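Down below is the structure, laid out as structure tokens.
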Amino acid sequence: MSRDSQSDPDLHRSRRQRLLNVLGPGVLLLPTAREAARNGDVHHEYRPGSDFHYVTGFPEPQSVLVAWRIDSQSHHAILFVRERDPERETWDGPRYGVRGVTKAFGVDEGRAIGDLWRDLAELAPLDGRLFHTLGHDSDFDQKLMMAFARSRARQRRTLLPSHPIFEDPAPALAGQRLVKDAVELSAMRRAAELTGQGHIAAMRATRPGMYEYESQAHLESAFRCGGSPRNGYPSIVASGPNACVLHYHDNDRRMRAGDLLLIDAGAEFLGCTADVTRTFPVSGRFTPAQAAVYRVVLRAQAAGIRACKAGAPWDSAHKACHRSLTGGLVGLGVLKGNVAKLVKAAAFKPWYMHGTSHWLGRDVHDVGGYQSLDGVADPMLVGSVLTVEPGLYFTKRDTRVPKELRGIGVRIEDDILVTKRGPEVLTAGAPKSIAEIERLMKRQ
């Protein structure tokens, strides 16, 4: 069966119960992700929808969860799934089928996905509430509307509404997923460990004359050999001037002596991903200018990590990095003047143009609120995980900076768990001090 299968009935029943207790009376309708065609008759690798997988652990496509609360301790859950089909299973592999899901995934019923729209009228009465996120899958929404239109036509002589009251369950799901439970944290620790191993493998293998994709191959081989089925996102393997392209994905440049190589990559494990960036010298030693820039970014990251405290505004790390980077830019001779005034004027923006943090979990930019409608930053909660990833990017043609800095791009990123005792760096296994990196690369 798929490595995305998480057969833990008690865990997923508990997650559903917590969610339904927040939502209250009504029916939850939650489809998984759709399959996507790549080209011709080839499909992209399938990955179940993050919300769906979080509350079911079920890995197969064409699946929908329907569930409702009975009381604060119990609920009823139905998984609509593909039926067993010996012919298709010969081509695509075994399926759980309607009988297999109840025991393996802790739901009360398994039903055929083809019966969903017929059964929905019975399961979601027109005078009730339906918890479903509209606009995420237009094809699914159209079928949903047609099902209620048919149901309403059968009851046209009644005074019932034409459809249930729709309420979006996404905020409740996001709030629950923001704070990781013990099982998710275990998966994230393993993803972080594998990611560190991948970055180390890339550091050990990289040398002048190689292509970026060769370093990528060493990186991702370590992910796969450790049990990660896929990356959490496409790897950025950016050498020399490419490091100044924030979402560079070609990964095809031939690396030269004297280049820096920036790798932003994370392994996924049991549905959770890590997100790590390391920057290191292709030749094994930083030049004085590269080391100067690197130290500025590393100091800024340390300041940002220290700011990740329970109850602090989520953007505390961002502000700490602004202050530190601005002071560093003054030290590098890029900026002149009072640091506080330069920060207030956002003078760092030409060389640090992105945010410092985002929530992390099942998605690399994970669910969770950042601020209220009036712009007040949300607090960091114990059990949440976020990135801290400052950087400086000096393009080759940037005449505003000293000549020796041009063409240098540096970003350093780690994954931080917010705890009662302070920040915990989940990705500390990936070397990032200049001494550690040079010592590791010396043995290549």
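The values are calculated or read from the model by the stated rules, or taken from the named source; none is laboratory data. Just so it is clear, the structure is predicted and the values come from calculations on it, not from any experiment. Cβ atoms come from the backbone with ideal geometry, glycine included; neighbour counts cover every protein chain shown.
When we screen Arg34, Arg84 for residues that are part of a loop (DSSP other than H, G, I, E, B) and in contact (Cβ under 8 Å) with a residue 60 or more places away in the chain, the only hit is Arg34. Filtering the stretch 140-161 to residues that are in contact with a Leu (Cβ under 7 Å, 6 or more places away or on another chain) and of a type in the set (Gly, Ala, Ser) leaves Ala147, Ser151. One residue alone among Val183, Val107, Val98 is under 30 Å from Leu386 (Cβ atoms) and modelled with pLDDT of 95 or more, and that residue is Val183. The residue that is surrounded by the fewest Cβ atoms within 10 Å (Cβ to Cβ), counting only those in the stretch 416-431 that are touching a helix residue (DSSP H, G or I) at 6+ places or on another chain (Cβ under 7 Å) and under 28 Å from Arg207 (Cβ atoms), is Gly429. Taken together, the residues in the stretch 199-211 that are surrounded by fewer than 24 Cβ atoms within 10 Å (Cβ to Cβ), in a helix (DSSP H, G or I) and of a type outside the set (Val, Ile, Thr) amount to 3. More than 23 Å from Met210 (Cα to Cα) and aliphatic (A, V, I, L, M) - does that describe any residue in the stretch 250-264? So far as the stretch 250-264 goes, no, none of its residues is more than 23 Å from Met210 (Cα to Cα) and aliphatic (A, V, I, L, M).
Looking across the stretch 381-420, the residues that are in a strand (DSSP E or B), β-branched (Val, Ile, Thr) and touching a Cys at 6+ places or on another chain (Cβ under 8 Å) come down to Val388, Ile416, Val418.
Residues in the stretch 259-307 that are of a type in the set (Asp, Glu) and under 28 Å from the mean Cα position of the chain (by Cα): Asp264, Glu268, Asp275. When the strands (runs of 3 or more DSSP E) confined to the stretch 230-343 are screened for residues that are free of Cβ contacts under 8 Å to residues at least 60 places away in the same chain, those reaching at least 1 such residues are found at 236-239, 260-265. Right, Ser162: closer than 30 Å to His358 by Cα and surrounded by fewer than 17 Cβ atoms within 10 Å (Cβ to Cβ) or not? When the stated conditions are applied, Ser162 does not pass them.
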